[in-house]
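What follows is a short report on a single structure.
The values are calculated or read from the model by the stated rules, or taken from the named source; none is laboratory data. Nothing here was measured: the structure is a model prediction, and the numbers come from that model. Note that each Cβ is placed from the backbone with ideal geometry, even for glycine, and that neighbours are counted across all protein chains shown.
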């Protein structure tokens, strides 16, 4: 039972937020996970900037400008996250989430069609190992 409660703790301590939403004390460590720095966001508003877990420039371009569907995007993003560097950062975020709350942030309005929702699942999964 202890393991199950640990899983629930990590799941509740990995939050999602649009970077343009106001900061809150409930955010914990604010981690910006975008390929590009968002316009108008001061560096002081972010605790950490991690491009290693953001989609590649090519994948972003195809999704945002060339008609790649969400259904096509998801497996490609997940494949990119299997690399050694992204996997290492996912594990680091999972370790962080075991002891502190983290909020993964991006510029996308709809978190259900944003890589941050996929990343959250990867972080939670990594915390189980």
Across the range 88-114, the tally of residues that are part of a loop (DSSP other than H, G, I, E, B) and within 16 Å of residue 12 (Cβ to Cβ) stands at 2
If a residue has to be surrounded by 12 or more Cβ atoms within 10 Å (Cβ to Cβ) and in contact with a strand residue (DSSP E or B) (Cβ under 8 Å, 6 or more places away or on another chain) to count, how many in the range 55-105 make the cut? 8
Residue 8 on the phi < 0 side of the Ramachandran plot and at pLDDT 95 or above: no
So, in the range 38-72, of the ones that are in contact (Cβ under 8 Å) with a residue 24 or more places away in the chain, under 15 Å from the mean Cα position of the chain (by Cα) and in a helix (DSSP H, G or I), which residue ends up farthest from residue 25 (Cα to Cα)? 60
